[in-house]
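Below is one structure; the comments refer to it alone.
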Amino acid sequence: MNKVLIKTEVYEDPIKVPTGIFLQSIEFSSSNNVAVTGYIWQKNTTEGISRGVIFPEAESTTIEKAYEKEGVTGWYFTTTLREQFDYSKYPFDKETVWIRLWNEGFDENVVLVPDLDSYDNLTSESKPGIEEQFVLEGWEIQKSYFSYRDNSYNTNFGLEDYSHKNVPELYFNVGVKRNFITPFISYMSPLIVVALLVFADLLLISKKEEDVSYSGFSSSGVLGYCAALLFVLIIAHVSLRENLAADGIIYLEYFYFAMYLAILAVSADSILFASKIKIKIIDYEDNLIVKVLYWPALMILLLILTLYAFY
């Protein structure tokens, strides 16, 4: 009978180091970069354990000791974190700014635990660890809380006695909701203006000499207006994509696609109306049906796209 020996790894219970954090500012410096400043502290409960924290996602960090008293060491830090955000529901998106914390003793069997005793209120809605007069331009802070995640690494980082495997990692999370007023003014206003101008362009389509808009109708004039509006729309769309640098299609882009379709539809309508091809729905009462259906069709399309994006 053959015996099979299975090698198992046995890890000692990790040492718990109480750690707290207090944020004074958060700023979205780009679509994926967040600048954070504040204080962080640790309680020295065990001798021989390294003190200090590491921000694994940081592109750059400045940290300096602020105080050391009664077994507590505190640091003031400034760091820029690189994170991935989901902008698919922009400008009605909600994001979570998360700060992952490692102990400075990288190879030590240490797990950071929240220093809960240092906070007056731990409910997430009370925003523990956030300054009361905290201002985050363009965003509204909704909650803050600690959490743990199990992150697996397929390496021992070159350390044969690396013992930090299977240890949960501490995160401090800040939930924020975008203030949609600024995006509405910046990106929705051009869309609304273009929609109105496209409709005005549609009203110019007429063959009645008594019509005030009639001046010898030709489809080329309508096409010229549509081309100009399309150019304006493309510029605004490109600006939106450059500012967000988001992966995939975001919600607000569906409005641009809807307007592209509206411009193309009005252009096609003007060509067919001016041609010798007789289409009842277009020729009826001097293109009345198309003019009446413009707004209902556009609104229904936007409603369908909204339901698709959110549900």
Cβ pairs under 7 Å, 6+ apart or interchain, first in segment 282-311 and of a type in the set (Ser, Thr, Tyr), second part of a helix (DSSP H, G or I), ordered by first then second residue, are Tyr294/Phe199; Tyr294/Leu202
For segment 97-122, give me the residue count where each residue is in contact with a Pro (Cβ under 7 Å, 6 or more places away or on another chain), modelled with pLDDT under 85 and among the acidic types (Asp, Glu). 0
Which residues, taken from segment 246-282, are in a loop (DSSP other than H, G, I, E, B) and more than 21 Å from Leu305 (Cα to Cα)? Ser275, Lys276, Ile277, Lys278, Ile279
Check off (1) in a loop (DSSP other than H, G, I, E, B); (2) surrounded by fewer than 13 Cβ atoms within 10 Å (Cβ to Cβ); (3) without any contact (Cβ under 8 Å) to a residue 24 or more places away in the chain for Ser60 and give me the number that stays unchecked. (1)
Among the residues of segment 257-282, write down those that are polar (S, T, N, Q) and farther than 17 Å from Ala227 by Cα. Ser275
Cβ pairs under 7 Å, 6+ apart or interchain, first in segment 73-100 and touching a residue at least 24 places away in the same chain (Cβ under 8 Å) and under 15 Å from Ala245 (Cβ atoms), second part of a strand (DSSP E or B) and of a type in the set (S, T, N, Q), ordered by first then second residue, are Arg82/Asn33
For segment 154-178, which residues satisfy the criterion of being modelled with pLDDT under 70, at negative phi and not acidic (Asp, Glu)? Asn154, Thr155, Asn156, Leu159, Tyr162, Ser163, His164, Lys165
What's the number of the only condition in (1) of a type outside the set (Val, Ile, Thr); (2) more than 30 Å from Met188 (Cα to Cα); (3) in a loop (DSSP other than H, G, I, E, B) that Phe92 fails to meet? (2)
Tally of residues being among the basic types (Lys, Arg) and in contact with a helix residue (DSSP H, G or I) (Cβ under 6 Å, 6 or more places away or on another chain) across segment 174-207: 0
When only residues in segment 272-296 that are hydrophobic (A, V, I, L, M, F, W, C) and surrounded by fewer than 15 Cβ atoms within 10 Å (Cβ to Cβ) count, which is modelled with the lowest pLDDT? Ile277
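The values are calculated or read from the model by the stated rules, or taken from the named source; none is laboratory data. For clarity, every value in this text was computed on a predicted model and none was experimentally measured. In this analysis, Cβ positions are derived from the backbone assuming ideal geometry, glycine residues included, and neighbour counts consider all displayed protein chains.
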